[in-house]
Amino acid sequence: MANAESYYRAMFGPRALSWNMRDAHMAQTLAALQAYLRSQGRAGRIVVWAHNSHIGDARATDMSLAGEYNLGQLSRMATALGPAFLVGFTTYTGTVRAAREWGGEGDSRIVTRAVEGSCEHLFYRSGLEVFYMPLTPDPPAGLDEPMLQRAIGVLYLPETELQSHYLRVRVARQFDALFHLDETHALDPLD
């Protein structure tokens, strides 16, 4: 509750502050969950499903230039948690469930084709419609160079897509592995 109060107060300040507080809370929750599992004699391995902007290591993205860190970075840095394996997902086009504005209802939105110069466009050009690509220990050539990557989260704003949804990343440093699907389809929420 203390984290929630601090987070909501921080929402009125700089974006990086509230972002960092939210991802730090996620990391604290993971550490507590892992400690609980280990206290029960279990391995304490945890799988987290979240947006790339939370899972990929922020140090490999423009986010770090704004003073932001994320769950992926914190997981890699938290040696007490054990090794972290960060997996990203990309798509070239399709549909996604997202809102048009903050506080709005999510609906199925058409995802425009990825822009040229993005990793999604590069992966589409490979001719493989769906693939899994390990990025460690030896990443494929070129994926350690800065390129654009699309990030779609709660909102999807295709009219300002380049400014709203793309950031510069080094994919090979951001993730340990990656799944790419040329076309995705929005999920329908359960009643």
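The values are calculated or read from the model by the stated rules, or taken from the named source; none is laboratory data. This one's a predicted model, so the numbers in the text were calculated from it and none came from an experiment. Here Cβ is always computed from backbone atoms with ideal geometry, including for glycine, and neighbour counts include all displayed protein chains. For accessibility, only protein heavy atoms count, side chains too; no ligands or nucleic acids. Shrake-Rupley method; radii C 1.70, N 1.55, O 1.52, S 1.80 Å.
Give me the three principal axis extents of the stretch 58-191 from the C-alpha atoms, as integers in angstrom, largest value leading.
39, 35, 31
Across the stretch 107-112, in residue order, what do the Karplus-derived ³J(HN,Hα) couplings come to in whole Hz, using 6.51 cos²θ - 1.76 cosθ + 1.60 with θ = phi - 60° and x for Gly and Pro?
Taking θ as phi minus 60°, the curve returns 9, 6, 10, 6, 8, 5 Hz for the stretch 107-112.
So who's got an amide H within less than 5 Å of the one on GLY94, skipping anything under 5 residues away but keeping other chains? H placed 1.01 Å off N, in plane.
VAL111, THR184
Could you report the accessible area of HIS25 in Å², rounded to 10, computed with a 1.4 Å probe on the protein chains as they sit in the structure?
80 Å²
Over the chain, with every protein chain in place, what whole percent of the accessible area is carbon and sulfur at 1.4 Å, could you tell me?
On the chain, the fraction of accessible area on carbon and sulfur atoms equals 58 percent.
Tell me, in nm to one decimal, what length is gained between ALA141 and LEU162 on full extension, where the rule is 0.36 nm per residue of separation less the Cα-Cα distance?
5.0 nm
What percentages make up the Cα-Cα pair-distance distribution of the stretch 11-107 when the bins are 10 Å wide from 0?
All Cα pairs, binned at 10 Å, distribute as 14, 37, 34, 14, 1 percent.
Take the Cβ-Cβ distance between ARG42 and MET77 as r, set R0 to 35 Å, and report the resulting FRET efficiency rounded to the nearest 0.05.
So, using R0 = 35 Å, E works out to roughly 0.90.
For the stretch 21-150, what is the accessible area per residue in Å² when the probe is 1.4 Å?
60 Å²
Net charge near TYR36, counting Lys/Arg +1 and Asp/Glu -1 over other residues with Cβ under 14 Å of its Cβ?
Computed value for this residue: +3.
Let me check against my output: what whole-number percent is the relative contact order of the stretch 44-191, with C-alpha pairs under 8 Å and at least 6 apart?
32 percent
For SER64, SER39, what's the largest-to-smallest order of accessible area, 1.4 Å probe?
Per-residue accessible area, sorted high to low, gives SER39, SER64.
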